[in-house]
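Colleague: Before I ask anything, here is the structure I am working with.
The values are calculated or read from the model by the stated rules, or taken from the named source; none is laboratory data. All values reported here derive from a predicted model rather than from experimental measurement. Ideal geometry is used to build each Cβ from the backbone, glycine not excepted, and the neighbour counts take in all protein chains shown. Ligands, DNA and RNA are excluded from the accessible area calculation, which covers all protein heavy atoms including side chains. Shrake-Rupley method; radii C 1.70, N 1.55, O 1.52, S 1.80 Å.
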Amino acid sequence: MEKIKNFFSKKIVKSIIIALPIIAIIVLIIVFGFSLKEVDYSSDLNRFTREEVKQYLDTHKIDNSFTFWLKSKISFLRNDIDLFEDYEVKLKSPGKVEVVAHERVIEGFIKDKTNNYYFDKSGEVLKVSSEKCQGVPKVKGLEYERIGLYQKIKVTKKEKLNALLELATAIKEYGYDIKTLYVNDFLEVGIKIRKLKVEFGKTKNLQRKLAVFSDMYPKLKEKNYKGVLDMKFLNTDGKYIIKQTKKKKRK
């Protein structure tokens, strides 16, 4: 019996000794042979380019194509990528992957002298570009201390950002082509569509005001009103006043 135990013990040790170099070689191949160098990218919204996706992966140390692909198949190991609500990874070659994604919605952008900073519903900046993304409204009224890529905007007054994000999220379902989102020091919010500015006041009763505005919108669009629609206070009769912009007289 003792001889059998010794035989199997030696067999196991020998197997381990043989297996260790093989395992080491496999690990080295995975680490150095699958260095992520190239990303093909497609999505539903096309807000991000393949270069921006690669930049995000590099910044967050997602630099191995094999482990990136493997983790994408295992839910509890899956990398959280702020750019996407969901994504799929395909391994194309040792140094190349294809990412197919459902992008996170960009709620608005803040403009400085050189760049536009595009942020999501949490206030995190997902894209910095000098170019304008179609369909994304500009934000006015926010003062910030710091703004940077893949960081939440550090604002001087958090309540203003929260009010603005509440408006952006609530109005999104209506599909308006909004040019600008506004917020002021009194936490009053508003939008600009074409040449009409709509003042919703504070976010209390915002959903009800948006529902009323939705009923009014077809006529407003048809008439192409210019000016300011005051909806700061909820009117149970649905009657609101538009202060129309006066046309400048030609000299």
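Colleague: Using alpha-carbon positions, what is the distance between the centroids of the stretch 56-96 and the stretch 218-240, in Å?
Modeller: Each part's Cα centre sits 48 Å from the other's.
Colleague: Taking a spot 7 Å from the Cα of Asn224 along the direction of its beta carbon, which residues of the stretch 158-199 have an amide N less than 11 Å from it?
Modeller: Within reach of a label on Asn224: 195.
Colleague: Of all DSSP beta bridges in the stretch 96-251, what percent run antiparallel (nearest 5)?
Modeller: Of all bridge pairs located within the stretch 96-251, approximately 75 percent are antiparallel.
Colleague: If you don't mind, there's one more thing I want to ask. What accessible area, in Å² to the nearest ten, does a 1.4 Å probe give for Val99?
Modeller: Counting only protein heavy atoms, Val99 exposes about 0 Å² to solvent.
Colleague: Then there is this: Where a Cα-Cα gap under 17 Å defines reach, which aspartates and glutamates qualify for Lys61, not counting those fewer than 8 residues away within the same chain?
Modeller: Qualifying aspartates and glutamates at Cα under 17 Å: Glu38, Glu51, Glu52, Asp80, Asp82.
Colleague: In this model, which of Lys197/Lys226; Lys113/Lys160; Lys71/Lys127; Lys138/Lys209; Lys138/Lys197; Lys179/Lys226 are farther than 18 Å apart at the alpha-carbon?
Modeller: Numbers: Lys197/Lys226 8 Å; Lys113/Lys160 22 Å; Lys71/Lys127 25 Å; Lys138/Lys209 22 Å; Lys138/Lys197 13 Å; Lys179/Lys226 14 Å.
Over 18 Å Cα-Cα: Lys113/Lys160; Lys71/Lys127; Lys138/Lys209.
Colleague: Per 0.36 nm of contour for each residue apart, how much would the distance between Glu85 and Glu38 grow if the chain were fully extended, relative to their Cα-Cα spacing?
Modeller: Gain on extension, Glu85 to Glu38, equals 14.7 nm.
Colleague: Treating cross-link reach as a plain straight distance, find the aspartates and glutamates whose alpha-carbon is under 17 Å from the alpha-carbon of Lys111, omitting any fewer than eight places away in the same chain.
Modeller: Asp120, Glu124, Glu131, Glu143, Glu145
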